[in-house]
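Undergrad: Sharing a structure here in structure tokens format.
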Amino acid sequence: MPTVTARLALMGEKLTPVEHALVEVKEGVVKRIEEAPDAVRDPDHDVLLPAPFDPHVHSADWAFRHAGLGKTLRDVVAPPDGLKHRLMRETPERELEASIASFLRVAKRFGCIGVADFREGGVKGVRIGLSAADAVENITYIPMGRPTRPDPEVVEEELKLLADVTEYVGLPDVHLPDDVLEAIRDSGLRIYVHANEDPSSVKRCLNGYGTTEVERAIELLDPEGLIHLTVLTERDVDALLSSDVDVIVACPRSNSYFGVGEPDFNTLKRLPQRLLLGTDNGMTMEPDPFEEARYAWLRGLPPSRALRAITVDPASVFRLPTLEGGELFGALALDGIDLPWETERREVLCAHVLQAVKWADVRVYVGDSTWRATGS
Ligand SMILES: [Zn+2]
């Protein structure tokens, strides 16, 4: 696969449209991308864009599809005895593993090249996820593990064991003792945590600790990424502006499913953090990054930001294959679609691509491998 050509490519950090695009790939790595009208007379594809990635999922919940329908978020997901945790304890490991592999295969059908997975069940849970991902070709699987016992006496030891199997901690909430959160902060692992997802749990945090969940996370965990921010008060915005948080992952469809509100994209898009979009809970949402991006676009996120939030922005956070010189090649090719009348306007093109992926013929490229997907 020395070159891939397209009538139009969305390239670089800002998804800049380039017509007659030629991408040279050597040993799976992008050597150059350029506009080459003379060389690209009969292009391979209509559109080429960076490959999508799902930066926040709970893959194991796929085994219990819609088990929580009509129930509150707290009843379904709150550890240790929320519905999903009870179901997980009752489910044999091999069934969970098979279900995670099935979830990853479905993500691939949507053209998704990988996921960052909040894996429950400590070290064992991470191992189950890794083993499931081994059975699925060409998927980038990033497990984010969590300690099983929020006890200051044992948490450090468990974090050391976690560090042997993953670079990441994925915490369900900040309603843990200060010293446990501080031990997690000091573990050296990259920390992602749910925060301000549910108004009632933000209220409990304010009553119990005198801070919002966002403030408590920033103060005691110093996380790399915060997930949800469905509730976003002025004090949260102030805390975020003066924090070292790099990443926010919004999951608007999952929030709507549970009726906890929706992220305020008009505020989120102005914050300095990198904004990603994840599909969240496999029990409730299918791992389709494009569907999440369309949903966010129609709620205030410009089309290019929505498309970036599932492609180039997660690629830069997690160092994923993408459509960028010097990086491992990771792209989605769309065929059988018309281009809009205004091909130089990025927002028009990104809006079109977000929808056209539904009816296009889709091909995925990762490194030297390529396969067909059904699209979104
Ligand atoms: Zn989540």
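Undergrad: Taking the Cα atoms of the chain, report the difference between the largest and smallest coordinate on each principal axis, in whole Å and largest first.
TA: 66, 45, 39
Undergrad: For the range 133-265, what value does the Rg/Rh ratio take when both radii are computed over Cα atoms and Rh is the Kirkwood radius, given to two decimals?
TA: Rg/Rh: 0.98.
Undergrad: Right, something else. Given H placed on each backbone N at 1.01 Å, which residues far from Ala373 in sequence or on other chains put an amide H within less than 5 Å of it?
TA: Val362, Arg363, Val364
Undergrad: Mind counting lysine pairs for me in the chain? Cα separation below 25 Å, and the two need to be 8 or more apart along the chain or on different chains.
TA: Lysine pairs satisfying the spacing and distance rule in the chain number 15.
Undergrad: Applying the Karplus parametrisation 6.51 cos²θ - 1.76 cosθ + 1.60 with θ = phi - 60° to the phi angles of the range 358-371, what ³J(HN,Hα) value in whole Hz is obtained for each residue in order, glycine and proline being reported as x?
TA: With the stated coefficients, the range 358-371 comes to 5, 10, 6, 7, 10, 10, 10, 10, 9, x, 9, 9, 8, 8 Hz.
Undergrad: Just the number, please: Stokes-Einstein D of the range 233-305 in µm²/s, Kirkwood Rh from C-alpha pairs, 37 °C, 0.692 mPa s.
TA: Reported coefficient: 255 µm²/s.
Undergrad: Got a sec? Charge dipole of the range 1-111, +1 on Cβ for Lys and Arg, -1 for Asp and Glu; which of Ser59, Thr72, Ala107 is way out at the positive end?
TA: About the Cα centre, the residue reaching furthest to the positive side is Thr72.
Undergrad: Can you give the helix-only mean residue ellipticity at 222 nm for the chain, where every DSSP H stretch with n ≥ 4 adds -39500 (n - 2.57) and the sum goes over all residues, rounded to the nearest 500 deg cm²/dmol?
TA: -10000 deg cm²/dmol
Undergrad: Moving to a separate point now. In whole Hz, what ³J(HN,Hα) sequence does the range 321-326 give by Karplus (6.51, -1.76, 1.60; θ = phi - 60°), x for Gly and Pro?
TA: x, 7, 9, 8, x, x
Undergrad: Provide the descending list of Cα extents for the range 54-135 along its principal axes, expressed in whole angstroms.
TA: Largest first, the range 54-135 extends 32, 25, 19 Å along its Cα principal axes.
Undergrad: Report, by chain and number, residues whose modeled amide H sits under 5 Å from the one on Asp44, excluding near sequence neighbours (fewer than 5 apart, same chain).
TA: Hits under the 5 Å cutoff: Thr5, Ala6.
Undergrad: Within the chain, what is the longest stretch that has no chymotrypsin sites (Phe, Trp or Tyr not before Pro) placed in a DSSP loop and near at most 15 other beta-carbon atoms within 10 Å?
TA: With chymotrypsin sites (Phe, Trp or Tyr not before Pro) excluded where exposed in loops, the chain gives 1-340 as its longest stretch.
Undergrad: What is the range 1-154 by shape, rounded, prolate or oblate, if you read a ≥ b ≥ c off the alpha carbon gyration tensor as root eigenvalues and call it rounded for a/c under 1.5, prolate for a/b larger than b/c, and oblate otherwise?
TA: In terms of gyration-tensor shape, prolate.
Undergrad: Additional query: What are the ³J(HN,Hα) couplings of the range 12-17, residue after residue, when phi is run through the Karplus curve with 6.51, -1.76, 1.60 and θ = phi - 60°? Round to Hz, x for glycine and proline.
TA: x, 4, 9, 6, 6, x
Undergrad: Counting pairwise Cα distances across the range 133-200, what percent come out greater than 18 angstrom?
TA: Value for the range 133-200 (Cα pairs over 18 Å): 41 percent.
Undergrad: Only loop residues by DSSP count here, and only those with at most 15 other Cβ atoms within 10 Å; note down the GluC sites (Glu not before Pro) in the range 272-347 that meet that.
TA: Sites meeting the loop and neighbour criteria: Glu342, Glu344.
Undergrad: Right, here's the next one. Could you run the Debye sum over the Cα atoms of the range 245-376, one equal point scatterer each and no solvent, and tell me log10 of I(q)/I(0) at q = 0.11, 0.21 Å⁻¹, two decimals?
TA: -0.41, -1.41
Undergrad: Of all GluC sites (Glu not before Pro) in the range 7-98, which ones are in loop regions per DSSP and have a Cβ with at most 14 other Cβ atoms within 10 Å?
TA: For GluC sites (Glu not before Pro) across the range 7-98 that sit outside H, G, I, E and B with at most 14 neighbouring Cβ atoms in 10 Å, the list reads Glu13, Glu27.
Undergrad: Still on this model: Amide H of Arg32 versus every other amide H placed in the peptide plane: which residues, excluding those fewer than 5 positions away on the same chain, fall under 5 Å?
TA: Result for Arg32 returns Glu24.
Undergrad: Sticking with this one: Which residue, Pro43, Pro52, Pro252, tops the fluctuation ranking in a GNM of the chain built on C-alpha contacts under 10 Å?
TA: Of the options given, Pro43 has the highest mean-square fluctuation.
Undergrad: If you don't mind, another one. Can you compute the FRET efficiency between Glu95 and Leu206 using 1/(1 + (r/R0)^6), with r the Cβ-Cβ distance and R0 = 35 Å? Round to the nearest 0.05.
TA: Result of the calculation: an efficiency of 0.35.
Taken together, the values in this text are just the output of simple stated rules run on the coordinates, not laboratory data. Everything quoted here is computed from the prediction, not taken from an experiment. Using ideal geometry, Cβ is built from the backbone for each residue, glycine included, and neighbour counts are taken over all protein chains shown.
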